[in-house]
Amino acid sequence: MRISHEDHGATSLVALAGDFLEESCEVFKKTVSERFESGIRNIVLDMTGVAVIDSVGLESLLWVNDESTRNSGRFKMVGIGGSVSEALNVTRLVRRFDLEESVESAARSLR
């Protein structure tokens, strides 16, 4: 999985591409932790490029959600589709997350 990020004030846009599987989660958590350590409070996670997610990937999403709250921020996800959407719905985790239609709408909601 490829991970990129852009910081904009108190918000970081983190984009993922590839399969969000156990072997990628440590690097993902490290990237997000570094964002929080640099003063970021809000994370917008762009999942447009993610085709597959496993249970450890789902746990990582819960972790980011909790860390955002712990840092007095918010966590938004965009680009959820296909098997990722199915996994979130089957596990009912979709209820735990704030999903947005686009990066722009997520950014607007954080202002």
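In table form, for the structure just shown:
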| quantity | calculated |
| --- | --- |
| Cα centroid of the range 89-104 to Cα centroid of the range 1-51, whole Å | 16 Å |
| Share, in percent, of DSSP beta bridges within the range 2-109 that are antiparallel, nearest 5 | 30 percent |
| Positive minus negative residues near residue 52 (Lys, Arg vs Asp, Glu; Cβ under 11 Å) | -3 |
| Residue-span extension gain [residue 30 to residue 54] - 0.36 nm each, minus C-alpha spacing | 6.8 nm |
| 0 to 90° range, to nearest 10: angle between helix 55-70 axis and the chain longest Cα axis | 20 degrees |
| Helical mean residue ellipticity (222 nm; -39500 (n - 2.57) per DSSP H run of 4+; nearest 500) of the chain | -13500 deg cm²/dmol |
| Cα point-scatterer Debye curve for the chain, base-10 log of I(q)/I(0) at q = 0.17 Å⁻¹ | -0.73 |
| Helix 22-37 axis, angle to the chain major axis (alpha carbon atoms, nearest 10°) | 10 degrees |
| Formal net charge of residues neighbouring residue 109 (Cβ-Cβ distance under 9 Å; K, R +1; D, E -1) | +2 |
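Taken together, the values in this text are just the output of simple stated rules run on the coordinates, not laboratory data. On a predicted model such as this, the values are computed, not experimentally measured, just so you know. Every residue, glycine as well, gets a Cβ built from its backbone with ideal geometry; the counts of neighbours run over all protein chains shown.
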